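The values are calculated or read from the model by the stated rules, or taken from the named source; none is laboratory data. If you're wondering where the values come from, they're calculated on a predicted model, not measured in any experiment. Heads up, the Cβs are rebuilt from the backbone with ideal geometry, glycines too, and the neighbour counts pull from every protein chain shown.
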Amino acid sequence: MTGSEEEKPPTMAFLIKALIAVFNKHAGEDKLLSKEEMMNLTEKELPGLFTEEQAAELMKKMDKNNDGAVTFEEFHSQMAEICNIYNAMQNSTDFADIMMRYR
Ligand SMILES: [Ca+2]
């Protein structure tokens, strides 16, 4: 890889593909994120951003039909919110306040 390629920001298509790949990697063959897989995903993919308790709360929010598993549809429908949470957390550590704002 040359220096100029490294400086190029990733395209949106690249980011979407990466998001799908991250979901599939953690969801495994059943293409569903269990609570344990979700905890692993937040720990590995968003290191230091959520405590275990906060990750569990996020899982609850994502699991819209409350069946204990997160589909890709449930996952991606929360991504805009996660982007907002991520952005807000760069400036604040008050997780409860942030979750209230993005509920
Ligand atoms: Ca579900």
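If I go through the stretch 18-29 residue by residue, how many of them are within 16 Å of the ligand (Cβ to nearest atom) and without any contact (Cβ under 8 Å) to a residue 12 or more places away in the chain?
Selection size over the stretch 18-29: 1.
Within the stretch 5-13, identify whether any single residue is exposed (fewer than 15 other Cβ atoms within 10 Å of the Cβ), of a type in the set (A, V, I, L, M) and part of a helix (DSSP H, G or I), and answer yes or no.
Yes; the residues of the stretch 5-13 include at least one that is exposed (fewer than 15 other Cβ atoms within 10 Å of the Cβ), of a type in the set (A, V, I, L, M) and part of a helix (DSSP H, G or I).
Please enumerate the residues belonging to the stretch 70-85 that are surrounded by fewer than 14 Cβ atoms within 10 Å (Cβ to Cβ) and more than 16 Å from the ligand (Cβ to nearest atom).
80, 83, 84
Quickly run through the stretch 31-69 and pick out the residues that are of a type in the set (Gly, Ala, Ser), surrounded by 14 or more Cβ atoms within 10 Å (Cβ to Cβ) and either at pLDDT 95 or above or near the ligand (Cβ under 10 Å from one of its atoms) (or both).
34, 69
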